[in-house]
1. Residue under question is A324, and the condition is that it be farther than 26 Å from G43 by Cβ and surrounded by fewer than 21 Cβ atoms within 10 Å (Cβ to Cβ); does it hold?
2. Counting residues that are without any contact (Cβ under 8 Å) to a residue 40 or more places away in the chain and of a type in the set (D, E, K, R), which strands (runs of 3 or more DSSP E) fully inside segment 144-221 reach at least 1?
3. Of the residues in segment 42-72, how many are among the β-branched types (V, I, T) and in contact with a helix residue (DSSP H, G or I) (Cβ under 9 Å, 6 or more places away or on another chain)?
4. Got a sec? Which of G130, G125 is assigned to a strand (DSSP E or B) and surrounded by fewer than 21 Cβ atoms within 10 Å (Cβ to Cβ)?
5. Would you check which residues across segment 54-72 are of a type in the set (A, V, I, L, M) and either surrounded by fewer than 20 Cβ atoms within 10 Å (Cβ to Cβ) or free of Cβ contacts under 8 Å to residues at least 12 places away in the same chain (or both) and list them?
6. For segment 297-335, give me the residue count where each residue is in a loop (DSSP other than H, G, I, E, B) and aliphatic (A, V, I, L, M).
7. Could you grab me the full set of residues in segment 97-122 that are loosely packed, with under 14 Cβ neighbours inside 10 Å, farther than 19 Å from Q144 by Cα and not acidic (D, E)?
8. Which members of segment 258-291 meet the condition of being of a type in the set (G, A, S), buried (at least 20 other Cβ atoms within 10 Å of the Cβ) and not in a loop (DSSP other than H, G, I, E, B)?
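The values are calculated or read from the model by the stated rules, or taken from the named source; none is laboratory data. What you are looking at is a predicted structure, and each value in this text was computed from that prediction instead of being measured. So basically every Cβ, Gly included, is an ideal-geometry build from the backbone, and we count neighbours across all protein chains shown.
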Amino acid sequence: MSSKFFGSVLAQVAAGLLLAAQPAPGAAAGTTPLLLDRTIPLGDVRGRIDHLAFDAARHRLLVAELGNGSIGVIDVGDGRLVHRIAGLRAPQGIAYLADNDTVFVASAGDGTVRRYSGSDYAPLGAVRLGEDADNLRIDPGAKQVVIGYGQGAIAVLGSDGTKLAEVPLAGHPEAFQLDAQGRQIYVNVPDAHEIAVLDRDNGRQIARWSLPSAGGNFPMALDEAGARLLVVYRSPALLAAFAVQDGSVLARVPTCGDADDISLDPKRRRVYVSCGQGVVDVLQEDGRSYRALARIPTRPGARTSLFLPALDRLLVAAPDTGTAGAAVLVFRPVD
């Protein structure tokens with residue numbers, strides 16, 4: 001782990017890189033569970049930024065620069081842009097498979113999943129799935145890549161990009177999660193107002209969970225230690241916790257608006273929700289439910305994020321606002 005990543009707090013203060021946290025509604029005044037360590041510029045990047053992935057061996061963050069038609073590669077140790085893959089059509093999903101050192105990129109514009117070498121980002125090939133290729137997830141046990149796309153499907157790709165299987169859905173899939181055994185997939189299907197539970201062994205949907213009073217279920221996180229699935233809705237803005245055994249609702253907690261990512265901090269039993277309204281909500285597990293700790297300012301449109309337990313950092317992708325260039329905001333949790 002590079003010492004540059006953990007520069008001194010005094011130097012960061014002198015450089016003006018610390019950002020004060022604001023208490024969330026109902027939180028105690030003065031609560032500061034996240035501090036801004038640094039801002040890493042992305043360079044000349046315009047438009048919306050989508051999902052993030054991480055190459056742990058090289059300490060490189062992969063940024064899907066959707067509006068820019070590119071993938072940014074950031075060295076988080078040195079805090080700089082080291083490479084950019086250009087010429088893509090609305091890249092949304094991105095994943096890194098360490099077993100064969102391959103970067104996978106899903107593009108909504110042409111419905112492709114492209115592969116690149118993790119060492120030099122040379123193109124390795126592509127498979128065309130269909131319209132609106134979106135979220136990607138790695139199944140490390142099977143050494144496979146899972147992707148959501150089209151009017152409603154989850155596909156499984158081999159490490160060489162070969163399509164191995166597909167499960168139909170009732171609408172376009174947004175965020176989804178795989179269980180540790182790789183047997184079930186939980187999928188947000190907002191157009192169908194449901195969470196689809198898929199059985200990979202049988203290749204079919206086995207359950208439908210819903211929260212009738214809420215819509216726009218986009219972000220999702222799976223807390224296997226707590227046996228719960230966390231889903232964030234946009235209308236109204238709230239987090240719902242579902243029991244993985246039967247889909248019963250354990251808790252409902254208000255969150256920030258226009259959420260697009262949710263991350264678990266297993267060490268602190270916290271949840272980070274990044275929202276396009278320009279904040280990250282920090283929630284603390286509290287029995288079956290969660291309580292608000294703080295609402296951390298980011299930037300308008302900074303909807304996507306990724307928590308890296310190995311580095312103990314939350315990375316938030318912030319688009320160009322006209323007054324501040326596109327960047328990755330690196331936050332340090334405070335105990």
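1. So A324 does not fit the description; no.
2. 163-168, 194-199, 204-209
3. Final tally of qualifying residues: 2.
4. Residue meeting the stated conditions: G125.
5. A56, A57
6. Summing the residues that are in a loop (DSSP other than H, G, I, E, B) and aliphatic (A, V, I, L, M) in segment 297-335 gives 6.
7. Scanning segment 97-122 gives S119, A122.
8. Those that are of a type in the set (G, A, S), buried (at least 20 other Cβ atoms within 10 Å of the Cβ) and not in a loop (DSSP other than H, G, I, E, B): A259, S263, S274.
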